[in-house]
Amino acid sequence: MQKSDELYRGKAKTVYQTDDPDKLILHFRNDTSAFDGKKIEQLDRKGMINNLFNAFIMGKLADAGIPTHFEKVLSNEESLVKKLEMIPIECVVRNIATGGIVKRLGVQDGLELDPPTFEFFLKNDELHDPMVNDYHIQSFNWATAEEVATMKELTFKVNHVLKKLFLDAGLLLVDYKLEFGRFKGGLYLGDEFSPDGCRLWDAKTREKLDKDRFRQGLGGVVEAYEEVALRLGMTLPK
Ligand code: ATP
């Protein structure tokens, strides 16, 4: 697999073309950003941990029958994926209310949600990723009604698989965001699943083990990500 031109440099990953027009390389960088890129820091080992963590989770999701873009790990910080036509929408499931929703709706922080709630956000940093609904997505042609239904169905299926996986490791999957894209007539899970894009709390103490440690300046960010990986039974390079 030959790496070629840089296609896109995001806040945390760089995307490269390859000699196969259907495949891309995702390079997970150590850059860590929050508040629409206003706070940025380099965290040693974070790129490697997120790349290997994402590979582990995508493998579990594929085993459960969820179509993902993931192909294989190429190096500690790089993975090969299918080149998707990304839908500019983030799909968020919340099992516990915390963060943005608490401010927005004035609900109690830490409240367990039964059923879990679902939200769509438009991927647009300048507009601060506003919340949108099914009708916005269809009326503005970001995705079809069928794609909206599939994104919801797959996002909840991911919840079913990962809630149990994390709980068995003593962790609460509080919330997470997913991105989807089109490939040869199908809809696939794209981007990444890592502690950068989800919230994970220790099931007993409710200690935060995700990017909220960075947002809130709690320190021990990479140590927390490593702790999660170890609890899931992963082994990480020294
Ligand atoms: P955000 O952090 O808000 O998701 P970003 O663009 O800064 O935005 P990065 O993770 O740094 O995010 O960049 C990765 C980019 O690659 C994202 O725009 C994502 O939608 C895109 N992407 C992820 N997987 C694929 C794929 N399989 N095919 C095409 N593009 C992809």
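Throughout, read-outs are computed from the coordinates displayed, never taken from laboratory work. Quick caveat, the model's predicted, so the values are computed rather than measured. All Cβ positions, glycine included, derive from the backbone under ideal geometry; neighbour counts span all protein chains shown.
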(request) Could you point to the residue in Ser33, Ala64, Tyr8 farthest towards the positive end of segment 1-83's charge dipole, with +1 and -1 charges on the Cβ of Lys/Arg and Asp/Glu respectively? (result) Ser33
(message) So if I take the centroid of the Cα atoms in segment 132-172 and the same for segment 62-78, what is the distance between those two points in Å?
(response) 18 Å
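Give the peptides 33-46, 206-219 in descending order of average Cβ contacts within 10 Å, highest first. The partial results should precede the final answer.
Working: 33-46: 13.5, 206-219: 16.9.
Ranking the peptides 33-46, 206-219 by packing returns 206-219, 33-46.
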(message) Per q in 0.11, 0.22, 0.25 Å⁻¹, report the Debye log10 I(q)/I(0) for segment 136-230, using one uniform scatterer on each alpha carbon and no solvent.
(response) -0.41, -1.06, -1.25
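Quick one, can you get me the convex hull of the C-alpha atoms of the chain expressed as volume per residue in Å³?
Working: hull volume 31.7 nm³, N = 238.
In the chain, the Cα convex hull volume per residue is 133 Å³.
Under 10 °C and 1.306 mPa s, how fast does segment 1-128 diffuse according to Stokes-Einstein, given a Kirkwood radius computed over C-alpha pairs? Answer in µm²/s, whole number.
Values: Rh = 16.8 Å.
The estimated diffusion coefficient comes to 94 µm²/s.
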(request) Return the sequence-ordered ³J(HN,Hα) values of segment 199-213 in whole Hz as given by the Karplus equation 6.51 cos²θ - 1.76 cosθ + 1.60 applied to θ = phi - 60°, using x for Gly and Pro. (result) 10, 10, 10, 4, 5, 8, 8, 6, 4, 7, 10, 8, 5, 4, 4
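Let's see if you can work this out: charge +1 on each Lys and Arg Cβ, -1 on each Asp and Glu Cβ, no other charges. What is the dipole magnitude of segment 185-238 about its Cα centre, in debye to the nearest 20? Write out the running numbers ahead of the final one.
Working: 9 positive and 10 negative charges, 36 e Å.
Here the size comes out at about 180 debye.
Where nothing but the Cβ of Lys and Arg (+1) and of Asp and Glu (-1) is charged, how large is the charge dipole of segment 21-131 around its Cα centre, in debye to the nearest 20?
On the way: 14 positive and 18 negative charges, 31 e Å.
Dipole magnitude for segment 21-131 comes out near 160 debye.
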(request) Name the residues whose placed amide hydrogens come within less than 5 Å of the amide hydrogen of Phe180, ignoring near sequence neighbours (fewer than 5 apart) on the same chain. (result) Ile87, Ile89, Gly190
(message) For the chain, what does the relative contact order come out to in percent, with C-alpha contacts under 8 Å and a separation of six or more?
(response) 17 percent
(message) If I model a spin label as a point 7 Å beyond the Cα along the Cα-Cβ vector, how far apart are those points for Thr205 and Lys164 in nm?
(response) 2.9 nm
(request) Classify segment 101-152 as rounded, prolate or oblate from the Cα gyration tensor: take a ≥ b ≥ c as the square roots of its eigenvalues, call it rounded if a/c is under 1.5, otherwise prolate when a/b beats b/c and oblate if not. (result) oblate
(message) Restricting to DSSP H runs of at least four residues, report the calculated mean residue ellipticity at 222 nm for the chain, -39500 (n - 2.57) per run over all residues, nearest 500 deg cm²/dmol.
(response) -8500 deg cm²/dmol
(message) Between Met234 and Val102, what is the label-point separation in nm under the 7 Å Cα-to-beta-carbon projection?
(response) 2.6 nm
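What is the dipole size for the chain, taken about its Cα centre, with +1 at each Lys and Arg Cβ and -1 at each Asp and Glu Cβ, in debye to the nearest 20? Provide the component values of the computation, followed by the final result.
Values: 34 positive and 39 negative charges, 75 e Å.
Its charge dipole is roughly 360 debye.
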